[in-house]
Amino acid sequence: MTVERIDLVRVGLPLVTPFRTSFGVQTVRDALLVHVRGREAEGWGECVTPASPVYSEEYTDGAMHVLADELVPRLLAPGRSVRAEDVGLRLAGIKGHRMAKAALESAVLDAQLRAADRPLAAYLGATRDRVPAGVSVGIPDGGVPELLELVAGYLQAGYVRIKAKVARGADVQPMQALRSRFGASLRLQVDANAGYDPDARADVAALDGLDELGLVQIEQPFGPDRLLAHARHAARWRTPVCLDESVTDAARAVEALELRACRIVNVKPGRVGGPLESVRVHDACRDRGVPVWCGGMLETGVGRALNVAIAAMPGFELPGDTSASDRYFAEDVTEPFVLQDGHVAVPQGPGIGRTPRDEPLKAAERHRVDPLGS
Ligand code: NPQ
Ligand code: MG
C-alpha cells in the first residue's frame, strides 16, 4: 500500500444513555477515526481512546498528538509503500500508545485488504459468519430499579449475556437483585475496571460476595499491574477471573496465564496495539486452552467492524461486548450493526466491510497529516 495522505477525523457522537463505570460517566463518544488514502484503496481505523486517561494512560488529545507528530511520520519513508504486517515494527521505537498504533495498523490493513478485494474476517482466519452479542451495562443513576429495567430491555432485544459494571458501593446488592429478578439461568458477569484494592478488607468482602452469585466471570477487579494480587484471590474464588486492562500484549497474556492471574482473557485490538497483536493474543490463549472474548470501547461502526471480525475467530468461545450500534448511538457513522436473534453479522465486504457515510462526518474536525512531507 502506497499511502498518499492520512487524515485524523474527530467527531462527537451523543450516547443514547449515559454510561457510568467505576472511572466515571460518559454522555458523548468523542470518536477519532484514521483515514488512510492509498494509491490502490482507502482504509479506515478507529482510535478507541477515551477523551480522558481514565481507562488506561491513553486519551484522545494525546493520541492525536502522537499520531500526527510521531507515528505517521515513522510509518512511511518518503516514496515507500507499507504493509500492515510491517506497521508494528515501524512504530516500535515509540513506547506505549497502543490504541493510537492500533488505529493506524487497522486503517492500513483495511486499505490493503480493500485493494486485494478480501474481507478482514477471511484474512484473520475467522470461522463464523455471525457472532453472539453480549451487552455491557453501566451503573445507572437510578439505582437498582433502573438497572432491572435496563437489563430487561436488553434481554428483550435478544442479548445473550449481560455484563454489569460494578464499583465500590454498587456491587453485591445490585447483582443479587439481578439474580432475584432474572434467575440463575441469566448469563451474568461483572466488570470492575480495576476499581478494587486487593488489600482492603471491605473490597475483598464485596468481591467474595460477588463470587457467591454464579457469575460467568469477574473482569479486572484490581489494577492493571496487580497480576499477583489477581492470582492470590483467583485461587480462592470459584468464579473465573478475566483480565482486560492488564493484558497489553500477547506476552503479558502468557505471563498472566502462567501466574494463574486469570482463566479468561478479554481481547481488545486497541488495548493490545492492533489487529495483528490481537491474533497473537488469541493464538497464545488457544494454544493453552483458554477462552477469549472481544471487549468493546464504545466504538463507532469502524471499530465495531474490526471487533466483530476478530470475534469471529475460533478461540472466541464466549459472547463479547460486540453489541449492536443502537446500544450506544442513535446514528452511527457507518451502516449500523444490528441484532438478529442475539447475534451480529460479520461484515462480508472487502476490508472491514464498513465505510463512514458523509452525513454523520459533516460536523467532524479533520486534521491532515502528510506522511510524505510534501
Ligand atoms: C471495558 N468497555 O470493558 C470497557 C470500558 C469502557 C463496553 O464496558 C469511553 C471510551 C468510555 C472507552 C467506558 C465496556 C468508555 C470506554 C468504558 C471504555 O472495560
Ligand atoms: Mg473491561
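Every number in this text was worked out from the coordinates using simple rules, so none of it is lab data. From a predicted model like this one, the values you see are computed outputs, not experimental measurements. All Cβ positions, glycine included, derive from the backbone under ideal geometry; neighbour counts span all protein chains shown.
Neighbours of Pro356 by Cβ distance under 13 Å: Lys/Arg scored +1, Asp/Glu scored -1, total -4. With +1 assigned to the C-beta of every Lys and Arg and -1 to the C-beta of every Asp and Glu, and no other charges, what is the dipole magnitude of the chain about the Cα centre in debye, to the nearest 20? The dipole magnitude comes to about 540 debye.
Using the Cβ-Cβ distance between Gln173 and Glu317 with R0 = 25 Å, the FRET efficiency computed as 1/(1 + (r/R0)^6) comes to roughly 0.25.
Taking Phe222, Phe337, Phe182 in turn, the Gaussian network model of the chain (Cα-Cα springs below 10 Å) assigns the largest fluctuation to Phe182. Working from label points 7 Å from Cα in the Cα-to-Cβ sense, the Ala330 to Ala152 distance is 2.4 nm. Nearest 0.05, what FRET efficiency do Arg366 and Asp69 give at R0 = 22 Å with Cβ-Cβ as r? Once the sixth-power term is evaluated, E becomes 0.85.
What does the net charge come to around Lys268 if you take all other residues with beta carbon closer than 11 Å to its beta carbon, with K and R at +1 and D and E at -1? Once positives and negatives cancel, what remains is -3.
When both the stretch 6-29 and the stretch 116-135 are represented by their alpha-carbon centers, they are found 26 Å apart. When both the stretch 328-374 and the stretch 241-308 are represented by their alpha-carbon centers, they are found 23 Å apart.
Summing charges over neighbours of Ala284, with a neighbour being any other residue whose Cβ is under 12 Å away from its Cβ, gives -2 when K and R count +1 and D and E count -1.
Just tell me which lysines come within less than 27 Å, Cα to Cα, of Lys165; anything on the same chain fewer than 8 places away is out. Correct list for Lys165: Lys268.
Protection proxy ranking, highest mean first, for peptides 226-238, 278-290: 278-290, 226-238, where packing is the per-residue count of other beta-carbon atoms within 10 Å, averaged. Computed over Cα pairs, the Kirkwood radius of the stretch 1-54 leads via Stokes-Einstein (0.692 mPa s, 37 °C) to a diffusion coefficient of 254 µm² per second. Taking 0.36 nm per residue of separation and subtracting the current Cα-Cα distance, fully stretching the chain between Arg80 and Val144 would add 17.3 nm. Extension gain for the segment Asp211 to Ala122, taken as residue separation times 0.36 nm less the Cα-Cα distance, is 28.2 nm to one decimal.
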